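Structure first, then comments.
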Amino acid sequence: GNTYIRLFPDVGETGGFYGMREQSIDYLKESENGLSVRTIYETEAVINDIHIDDGSLWIATGDRSVVNYQPESKDTSTFEIPISEDSNLYRISRVGGEIRLGTGEGLFFFEEPTQTFVRDTTFSDPELANDDVTRIEQCSSNEIWFRNKRQIKRAIRENGRWRTVTDPYRLVALSKEEGIEDIECGEDGAVWFAGTRDLYRLRDPDWVYSADFQTNITGVLAETD
């Protein structure tokens, strides 16, 4: 009878899953006697996303705060995210070795020494640091994918620094009416993009245009003139 928004496998437990609902998180365990379900966390705020990190739960909520919850000890820490009231939290995950948070006002990461979330300028891309980051997926230690400003971006680490690539991936969810709900890395090196209307598979992320394009300029518009 439970409806789950997302399911997350418990890496350390065979047959165990975390089920994310709108205002609670369940733990599900398969056994010979069937499926057992118990609620391990409840909140009055809407849950936007969760990340399980060595048994610790990182919970991004609709009131622009992140909760770190320890199921074993039931210890809870809450972190306010410095964004405006009309903005939102979208994705939280461990990416590039840090807990990173995608928000409507850019990317943040959890700074361990200060125990706060701070704006993330790691990727030398002003749009990632300041504009909406709705999806995050790390495919390898040197490759991270983002959905940022309605664009697909690939961050590539070279010589210890990150650069972002956008142009080859503009054809993914080109329509303004289609959003990207999820990004997944394939075992064969391909990357999958789940759109609201279509499913996209990028077989070779390193692809380049095979031909030059000719552009015919038919008019020039300056503001409304």
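Consider only pairs whose beta carbons are under 6 Å apart and that are at least six residues apart or on different chains; among these, list those whose first residue lies in the range 144-161 and is over 15 Å from I180 (Cβ atoms) and basic (K, R) and whose second residue is open to solvent by 10 Å² or more (accessible area, probe 1.4 Å) and not in a strand (DSSP E or B).
From the range 144-161, the pairs are R157/N142.
Against the condition basic (K, R) and either part of a loop (DSSP other than H, G, I, E, B) or surrounded by 20 or more Cβ atoms within 10 Å (Cβ to Cβ) (or both), how does R38 come out, does it pass? Write out each step before concluding.
Numbers: basic (K, R): yes; either part of a loop (DSSP other than H, G, I, E, B) or surrounded by 20 or more Cβ atoms within 10 Å (Cβ to Cβ) (or both): no.
When the stated conditions are applied, R38 does not pass them.
Show me the strands (runs of 3 or more DSSP E) entirely contained within the range 123-193 in which 1 or more residues are modelled with pLDDT of 90 or more and of a type in the set (S, T, Y).
On the way: elements: 133-140, 143-148, 151-158, 161-165, 180-185.
Filter on the range 123-193 gives 133-140, 161-165.
Please determine whether any residue of the range 154-172 is open to solvent by less than 20 Å² (accessible area, probe 1.4 Å), under 16 Å from the mean Cα position of the chain (by Cα) and within 16 Å of V95 (Cβ to Cβ).
The answer is yes, given that some residue of the range 154-172 is open to solvent by less than 20 Å² (accessible area, probe 1.4 Å), under 16 Å from the mean Cα position of the chain (by Cα) and within 16 Å of V95 (Cβ to Cβ).
Select from the range 109-140 the residues that are open to solvent by 70 Å² or more (accessible area, probe 1.4 Å) and in contact (Cβ under 8 Å) with a residue 40 or more places away in the chain and list them in ascending order.
Correct list: S124 only.
Taking V95, is it at pLDDT 95 or above, under 17 Å from the mean Cα position of the chain (by Cα) and hydrophobic (A, V, I, L, M, F, W, C)?
Details: at pLDDT 95 or above: no; under 17 Å from the mean Cα position of the chain (by Cα): yes; hydrophobic (A, V, I, L, M, F, W, C): yes.
In short, no.
Please determine, by comparing only the residues of the range 14-35 that are open to solvent by 70 Å² or more (accessible area, probe 1.4 Å) and among the charged types (D, E, K, R), which one is modelled with the highest pLDDT.
Once the filter is applied, the top-ranked residue is E22.
The values are calculated or read from the model by the stated rules, or taken from the named source; none is laboratory data. Everything numeric here is computed off the predicted structure, so don't read it as measured data. In this analysis, Cβ positions are derived from the backbone assuming ideal geometry, glycine residues included, and neighbour counts consider all displayed protein chains. When the accessible area is computed, the model is the full protein with side chains, heavy atoms only, and any ligands, DNA or RNA have been set aside. Shrake-Rupley method; radii C 1.70, N 1.55, O 1.52, S 1.80 Å.
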